[in-house]
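The values are calculated or read from the model by the stated rules, or taken from the named source; none is laboratory data. Keep in mind that this is a model prediction, so the values were computed, not measured. Positions of Cβ are generated from backbone atoms using ideal geometry, with glycine treated the same way; all protein chains shown enter the neighbour counts. To get the accessible areas, we keep the full protein, side chains included, count just its heavy atoms, and leave off ligands, DNA and RNA. Shrake-Rupley method; radii C 1.70, N 1.55, O 1.52, S 1.80 Å.
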Amino acid sequence: AAVGRSASALSRGAARFPRGASAIRAAAAKPDIISPEAPLKVLIAGGGVGGMVAAKAIRDFGGDRVDVEVLERVRDFRLFGGPIQLASNALQTIKTIDPELFNKIEAKATFTGNRQCGIKDGIRTEWYAKFDLLTPAESRGMPPTCVVARPDLQQIFLDELGPIVKTGNGVVSYERDGVQGVTCTMQDGSKVRGDVLIGADGIWSAVRASMYGEPAVRGPGATAKYSGYSVFAGECYCDPPDRPYTGYKVYIGPGQYFVISDIGGGQMQWYAFVALEEGFVPPTDELSYVKGRFTEWSEEIHFVLDATKIEEVEQRDLYDRKPMVTRSWTDGPVTLLGDAIHAMMPNLGQGGCQAMEDGHILAQELSKVRLRSEVPNALRRYWGRRLVRSATVQGLSRFASDIIIRGFDTPCKVTFDPFRLENFNYAGIVTRMLQPVLPIFFWIQFNYLYSGWQNNPILPDGFPERVVPGAADEA
């Protein structure tokens, strides 16, 4: 499956958003109390994995007391970025929301967390450090990490949600309706009103831009900054000799690194992470450029590169944000989710997983609401429960990318037949010295990721400060 290939069939089950809709008709003021006759109207901007999980959980937890709509700007869902990794914390979140949904995803999954995974010397092809993904999952009764083809995952959610997913008309801005409610302006100029708006519309979120008064695109004033790294990603059909017992490999070396993962169906996925200037365009095609960058590296890398077709490679600059620990995630009945609030580097495979946790906790908090006037405080409780964990994972993801590219090198080595000192420089020595420490770090990291998925409150009860219904409730 070539990266970037259209998968328009995925739009089956998603309702077309009515184009050219007239301005929203004036509606009688809703009663404060939420009931099946006057359900809570929840609008979700964005039909990515976080928005879909939020829609599913809010609908299931709220029953006939909620009315959910997903407002997605694209008309047809497309394969972008290849398969998605679902770590154990994300799978457990899905299983908690709906065991049957988990079973459907499990049937499409390729499990990698139950095989050996770790870091290899990118030049010598020797194992440098292995990380155990299975034990911290099994000890908690959680499924191991897997990968799922993005079209398969999208179609599962589209089948689950049906016509509540509206495509072809996204949110471009919003205005709050006094004390309660929000009105969204759509791409076609139409208006959609709801009691709650969740901005799940990605790193360049229009909802976030409207909330904070910042640009929704790259450029001056944007809070998402270029990370300094660009990634080249590809997929190929091949059968490496270690495939039956190896799930995920990271090859380290000077100034760059390479990742290979089994994605099932006879395919392998690879990523090349390189420190480059923002907007860098290779002088050749992307595949030839990657081969040139990794000329002297492991034959395992070139095994997958040689099996890759030119059209199956894409390049993408990586952007992330600093953790937002001092700024509110909410604006009355409006909040943010996933990359819109905590965009992170992909090194831990937690971007989509953390968005799923967002959706789960949002649904929990909204399910407690009995009055529309309680919505702002429910959203603030969600913010309080997710703040520390999401910020920690953001920081860990950035640390992992920085240390692998800027801190690691080919480890120094002494050989005796014949006697030779290999890469005995500062970076090589430090990389070798870190080798016995990394398994301990990995143990702490994965136990943290897998233990905190329930997002139990850890901040003081008074944070975030609750708002008084009817008063100004901006942060």
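Of note:
- For the chain, share of DSSP beta bridges that run antiparallel, in % to the nearest 5: 70
- Electrostatic dipole magnitude of segment 388-432 [Cβ: Lys, Arg +1; Asp, Glu -1; Cα centre; debye, to 20]: 200
- Volume of the convex hull of segment 283-385 (Cα atoms only), normalised per residue: 157 Å³.
- Cα centroid of segment 126-199 to Cα centroid of segment 405-435, whole Å: 43
- Debye intensity ratio I(q)/I(0), log10, segment 130-233, q values 0.13, 0.21, 0.25 Å⁻¹ (C-alpha model): -0.80, -1.13, -1.28
- Each label point was placed 7 Å from the Cα along the Cα-to-Cβ direction; for ARG218 and GLU126 their separation is 4.0 nm.
- Axis of helix 88-97 versus longest Cα principal axis of the chain: the two differ by about 30°, to the nearest ten degrees.
- Derived scalar couplings ³J(HN,Hα) [segment 292-308; Karplus, 6.51 cos²θ - 1.76 cosθ + 1.60; whole Hz; x for Gly, Pro]: x, 5, 10, 3, 8, 8, 3, 5, 5, 5, 6, 4, 7, 5, 5, 8, 9
- Under Karplus coefficients 6.51, -1.76 and 1.60, residue-wise ³J(HN,Hα) of segment 153-158 in Hz, glycine/proline x: 5, 4, 5, 4, 6, 5
- A protection proxy built from the mean count of other Cβ atoms within 10 Å ranks the segments 343-354, 218-229, 66-77, most packed first, as 343-354, 66-77, 218-229.
- Translational diffusion of segment 333-475 was estimated from the Stokes-Einstein equation, with Rh taken as the Kirkwood radius over Cα pairs; at 25 °C and 0.890 mPa s the coefficient is 135 µm²/s.
- Heavy-atom accessible area ranking, 1.4 Å probe, most first, across SER288, SER373, SER139: SER139, SER288, SER373
- Helix-only [θ]222 nm of the chain, DSSP H runs n ≥ 4, -39500 (n - 2.57) each, per residue, nearest 500: -9500 deg cm²/dmol
- Spacing of the modelled spin labels on VAL325 and ARG243, each 7 Å from Cα toward Cβ, amounts to 4.4 nm.
- Rounded Å value of the spacing that divides the Cα centres of segment 237-259 and segment 314-334: 31
- Cross-linked pairs LYS41/LYS368; LYS191/LYS368; LYS104/LYS309: Cα-Cα separations exceed 22 Å for LYS191/LYS368; LYS104/LYS309.
- Size descriptor for the chain, Kirkwood hydrodynamic radius: 23.5 Å (Cα pairs only, one decimal).
- Coupling constants for segment 314-331 follow from the phi torsions by the Karplus curve (6.51 cos²θ - 1.76 cosθ + 1.60, θ = phi - 60°), and in residue order they are 9, 10, 8, 5, 9, 10, 8, 10, 6, x, 8, 9, 10, 10, 5, 8, 10, 9 Hz; glycine and proline get x.
- Here LYS120 is the anchor, and the lysines within straight C-alpha reach of less than 22 Å, apart from those fewer than 8 places off in the same chain, are LYS130, LYS249, LYS291, LYS413.
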